[in-house]
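The structure under discussion appears below in the form of structure tokens.
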Amino acid sequence: MKNRLLLIIFLSVTILSALEIPAQEEAIPISVSLTGYVENPGVYQITPLNRLSDLLLLNKTAALEQTKVLLEKPVEVPKPAELLSPPSPEKEIEDVDRYEKNRGLRNIQITRAGKTVTYDLLKFYRLGDISQNPLLKDGDVVFVPAIKNFISIGGGINLPGEMEFVEGDQLITIINLALGFTFDADISKVQLYRYQANRIDYDVLNYDLKANPALFDILLKADDRILISCNSEIRTRQRIKIYGQIKYPGEYVIDANTTLYEVLQQAGGLTKRGDLKRLVYYNENVNADPDPYLELLMQRSMSEMTPLEYSYLRNNLMQLKGKYSIDPLKMMNSEGKEANPYLFDGDRIYVPEKIDMVWVSGQVKNPGMISWVEGKDWDYYIQAAGGYTNNRKAGKGRIIRSNSGNWVKPGKNVAIRAGDTIFVPAQTDRSMWTDVKDIVTLTSSVVTIILGVRTFTRN
């Protein structure tokens, strides 16, 4: 009788433990080696959605220390002799600055299946050239060199200063990487300072790019210095900048009576993809530390961004210093008669692209962007994302509004809007089912042992 009872218990437990329990589905990680002139060379575990820029960003993130596996023989990075002694906290800060200033971004090599391809990541950062920021694959070896040669540009240019020089650079290349001419640039007066063979004396070459546009294509040399003259009369005037989904983006001269509506009209109005409802209007002079990376992201479409970049953009726009609170729809519908502020020197206007997508993230089987369908509710997008994982925290999901960043609890009368984010949080504590499953597994093992002992004893 006891044996029969034990057999029934064993069979019941075995059946229960054999039930198919859906496990949490996660993106399969890939391993990528990062070498060269970087702070933490090693092997990193990332996702197939990560690009080259993500790898360099994550290299500096403390959170990644948990996923980074140091190489058995770390790549030796050239270091000054003084760095061989134990570094002080001040020296560690200097080291970070040294890497930032001398890390080459324009000759990054990715070796894949024995083939090496060179990428100019600076063209991605400054120009949004996505072809220079490839998706990474398992087994890739990424080599980041130190800068060998510099070139400088100044004057009537939007981003003056030094930058890395690579062989084959043309004048137009450096102008573009410096984000183009300022509105007051005089391109008829361009000077090129070039060292002679003795590396002491230099020649001054004068170019009139306005009269001879072919000069844009001249080849440059390492250590060249380019100076763009400026029109002093124009430089004293107040100016603003408008960019994004606008027909004629750029800098505009204003006076004390120039309004936002007038500038939008002067810039040709919005493109067909421009989203007036999400217009961002702020003053950069309020921002103590301008973020050039944020500026770059604001000039690109969401489809060109990685999930990490999109999250960075969203969070920063929600916290943007100097942001004005206006009602652009009311301004446009009234033709500037209402909600139409006067502009100030340093104002920035960004018109984002219309987002016809809904971002579903968190504990769903296939997180990502899903096409927005008017009238569809929370359940529709959850099912479109493959349904919930087994690790979701029931009843804690939220809708994050694209225009405000506010968190909204889903409900029957809560509409999902284009650009919204649906977030399903994970279950942080052990669920009851997890505890039951562990108990069942343990009991099954014990019963199996008991039955095995009894069978052995009987025989």
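Looking only at the stretch 179-215, residues that are touching a residue at least 40 places away in the same chain (Cβ under 8 Å), touching a strand residue (DSSP E or B) at 6+ places or on another chain (Cβ under 7 Å) and not charged (D, E, K, R) come to 6 in all. Within the stretch 130-145, the residues that satisfy the criterion of being in a strand (DSSP E or B) and crowded, with 17+ Cβ neighbours inside 10 Å are V142, F143, V144.
For every residue, the table says whether it meets (1) assigned by TED's automatic domain parsing to the domain that holds L159; (2) modelled with pLDDT of 90 or more.
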| residue | (1), (2) |
| --- | --- |
| K210 | yes, no |
| I226 | yes, yes |
| K247 | no, no |
| V253 | no, no |
| A256 | no, no |
| G268 | no, no |
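Of the residues screened, V204 is one that is β-branched (V, I, T), loosely packed, with under 11 Cβ neighbours inside 10 Å and more than 19 Å from G168 (Cβ to Cβ).
The set of residues from the stretch 344-363 being in a loop (DSSP other than H, G, I, E, B), hydrophobic (A, V, I, L, M, F, W, C) and out of contact with any helix residue (DSSP H, G or I) (no Cβ under 7 Å at 6 or more places or on another chain) comprises just one member, F344.
Note on the stretch 209-229: residues that are surrounded by 11 or more Cβ atoms within 10 Å (Cβ to Cβ) and within 34 Å of the chain's Cα centre (by Cα) amount to 12.
Filtered by the rule that a residue be of a type in the set (A, V, I, L, M, F, W, C) and closer than 16 Å to K221 by Cα, the stretch 154-172 gives M163, F165, V166, L171, I172. Taking the criterion of being within 22 Å of K412 (Cβ to Cβ) and β-branched (V, I, T), the residues of the stretch 360-390 that qualify are V360, V364, I370, V373, I382. Checked across the stretch 365-380, the condition of being more than 19 Å from E304 (Cα to Cα), under 22 Å from the mean Cα position of the chain (by Cα) and either of a type outside the set (S, T, N, Q) or outside any loop (DSSP other than H, G, I, E, B) (or both) holds for no residue.
The values are calculated or read from the model by the stated rules, or taken from the named source; none is laboratory data. Please read all numbers here as calculations on a predicted model, not as lab measurements. A quick note on method: Cβ atoms are made from the backbone with ideal geometry, for glycine too, and the neighbour counts reach across all protein chains shown.
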